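Notes to accompany the following structure.
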Amino acid sequence: MQFQQLQYFVAVAETRHFTRAAELVHVAQPSLSQQIKALERELGADLFQRARGNITLTDAGEALLPLARRILADADTARHEVQELAQLRRGRVRLGATPSLCTGLLPDVLRAFHDRYPGIQLLIEESGSHDLVRELARGALDLALVVLPLPTPSPALTTVELLREDLVVVSSPEAPKPGGGGRAVRIADLEGERLVMFRHGYDLRELTVAACRSAGFEPDFAVEGGEMDAVLGFVRAGLGVAVVPRMVAARSGRGLRVTPLVRPGLHRTIALAHRSDVAPPRAARELQRMLLER
């Protein structure tokens with residue numbers, strides 16, 4: 001089995017078209033087809049069902065695809081690791097983070113990292129913890145900032161707790177104070193408030209909805225489905241209130257009223273995750289150190 005054959009196989013699997021796959025990997029289509037057939041002969045199984053205008057994966061192809069992607073991703077990581085120059089003058093870090101962490105925690109840390117290592121390329125993947133865990137597992141990320149507990153715990157990942165962050169209630173200064181106007185509110189005080197709610201799959205959505213139900217009521221959504229910036233914008237416009245991390249509220253407090261939750265309140269645990277079977281590249285290890293020492 002040759003590395004090049006796996007590249008060709010993944011290209012066909014993703015495009016579902018031999019000609020487009022050949023263009024993608026910059027090789028003549030007959031050569032690509034020959035290599036795919038050679039791979040199938042070596043494996044002793046067809047990888048594609050070929051019909052006019054319709055290329056689909058066989059069961060064997062479905063089984064090989066995630067493994068091939070991981071092999072290619074690991075090889076790419078190894079290439080970048082070897083190509084790094086002394087003193088981290090060149091390289092890249094592929095970092096995943098939830099949208100709220102991209103807004104709250106990362107800007108200052110990434111600025112400090114960039115100032116120290118200006119030659120390191122920072123590639124940021126913004127998504128929910130569930131998607132980030134999947135991207136880590138298939139080798140598409142070096143590190144990820146995720147919310148614990150993980151939606152699908154994986155023994156293939158190593159997680160290190162980074163911080164515990166309080167959640168607060170944000171509202172428009174022009175709207176009545178939430179929960180009757182006290183200095184702090186309980187989750188139970190949000191019964192009857194219209195909530196601006198994040199999209200499905202957002203860690204903060206699951207946490208807030210679960211807290212409301214534990215307090216004995218079903219949350220009432222004024223609007224739902226947004227990312228962090230959209231939710232904050234809707235709150236500023238007076239559509240309702242939202243529960244957000246304290247760091248996000250501090251950075252985005254302009255035009256927002258911030259009300260803390262009565263103790264013990266709500267909080268979330270942020271962890272730094274990476275694959276257990278592959279050490280992060282040198283540049284990623286340095287960013288990991290800076291995040292842990294922040």
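The values are calculated or read from the model by the stated rules, or taken from the named source; none is laboratory data. Remember, predicted model here, so these are calculated numbers, not experimental data. Heads up, the Cβs are rebuilt from the backbone with ideal geometry, glycines too, and the neighbour counts pull from every protein chain shown.
Pick from the stretch 145-190 the residues that are polar (S, T, N, Q) and in a strand (DSSP E or B): which of them is nearest to L110 (Cα to Cα)?
Restricting to residues being polar (S, T, N, Q) and in a strand (DSSP E or B), the top hit is T159.
I'd like to verify a number: residues in the stretch 273-294 that are out of contact with any Ser or Thr (no Cβ under 7 Å at 6 or more places or on another chain) and outside any loop (DSSP other than H, G, I, E, B), how many?
Here the count works out to 12.
Okay, residues lined up against (1) crowded, with 18+ Cβ neighbours inside 10 Å; (2) at negative phi; (3) not basic (K, R):
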| site | (1), (2), (3) |
| --- | --- |
| H26 | no, no, yes |
| Q49 | no, yes, yes |
| A68 | yes, yes, yes |
| R89 | no, yes, no |
| L122 | no, yes, yes |
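Confirm whether A51 is farther than 17 Å from I71 by Cβ and not polar (S, T, N, Q).
Taking the combined requirement at face value, the residue satisfies it.
Condition first: over 16 Å from the mean Cα position of the chain (by Cα) and closer than 30 Å to V209 by Cα. Now tell me which residues in the stretch 269-291 satisfy that.
L291
Looking at (1) surrounded by 18 or more Cβ atoms within 10 Å (Cβ to Cβ); (2) at pLDDT 95 or above, which is the only condition V231 fails?
(2)
What pairs come up if the first residue lies in the stretch 127-150 and is in contact (Cβ under 8 Å) with a residue 12 or more places away in the chain and closer than 14 Å to A97 by Cβ, the second is part of a helix (DSSP H, G or I) and among the charged types (D, E, K, R), and their beta carbons are under 6 Å apart, counting only those six or more places apart or on different chains?
S129/D203; L141/E135; V147/D203
Out of everything in the stretch 131-141 that is over 24 Å from R164 (Cβ atoms) and at pLDDT 90 or above, what residue ends up being nearest to the chain's Cα centre (by Cα)? Lay out the reasoning, then the answer.
Initial filter on the stretch 131-141 (over 24 Å from R164 (Cβ atoms)): 134-135, 137-140.
If we keep only those that are at pLDDT 90 or above too, we end up with 135, 140.
Working: E135: 8, A140: 11 Å.
Across the stretch 131-141, the extreme among qualifying residues is E135.
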